[in-house]
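Below is one structure. I have some questions about it.
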Amino acid sequence: MLQTEIWGLTLIVLSIIPLVFLVYTIKHLERLGITIQHPRVIVELLIFISLLGIGLILWFGLSIV
């Protein structure tokens, strides 16, 4: 396994953390007193997408770009 594949798989696994926070936040929007456009929701979503995207690019190689 190449070094980039290891980093890619690591980032994909790490993307689960912000996903869990995002799911919790969306599930408890009313209790938290925030809307879907709240910066907390947006930041959690962007972190999840960034980690997953970069992880997939590294795992499958830069040939898909």
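Nothing in this text is a laboratory measurement; each read-out follows from the coordinates by a stated rule. Fair warning: this is a prediction, and the values are worked out from it, not measured in the lab. Cβ coordinates were reconstructed from backbone atoms using ideal geometry, including for glycine residues, and neighbour counts include every protein chain displayed.
When 62, 46, 9 are ordered from fewest to most other Cβ atoms inside 10 Å of their Cβ, what list results?
Values: 62 8, 46 12, 9 15.
The order, fewest Cβ neighbours first, is 62, 46, 9.
Roughly what would the spin-label model give for residue 10 and residue 62, points 7 Å off Cα along C-beta, in nm?
It is 1.8 nm.
With a Förster radius of 30 Å, plug the Cβ-Cβ distance of residue 37 and residue 2 into 1/(1 + (r/R0)^6) and report the FRET value to the nearest 0.05. Write out the running numbers ahead of the final one.
Details: r = 40 Å, r/R0 = 1.33.
The pair residue 37/residue 2 has a calculated efficiency of 0.15.
For region 46-55, in order, what is each residue's ³J(HN,Hα) by Karplus, 6.51 cos²θ - 1.76 cosθ + 1.60 with θ = phi - 60°, in whole Hz (x at glycine and Pro)?
5, 5, 4, 5, 5, 4, 5, x, 5, x
Could you calculate the contour length gain from residue 46 to residue 23, that is, 0.36 nm times the residue separation minus the distance between their Cα atoms, to one decimal place in nm? Mind showing how you got there, number by number?
Values: separation 23, 0.36 × 23 = 8.28 nm, distance 1.33 nm.
Full extension from residue 46 to residue 23 adds 6.9 nm.
For the chain, take the alpha-carbon Rg, divide it by the Kirkwood Rh, and send me Rg/Rh.
That ratio equals 1.14.
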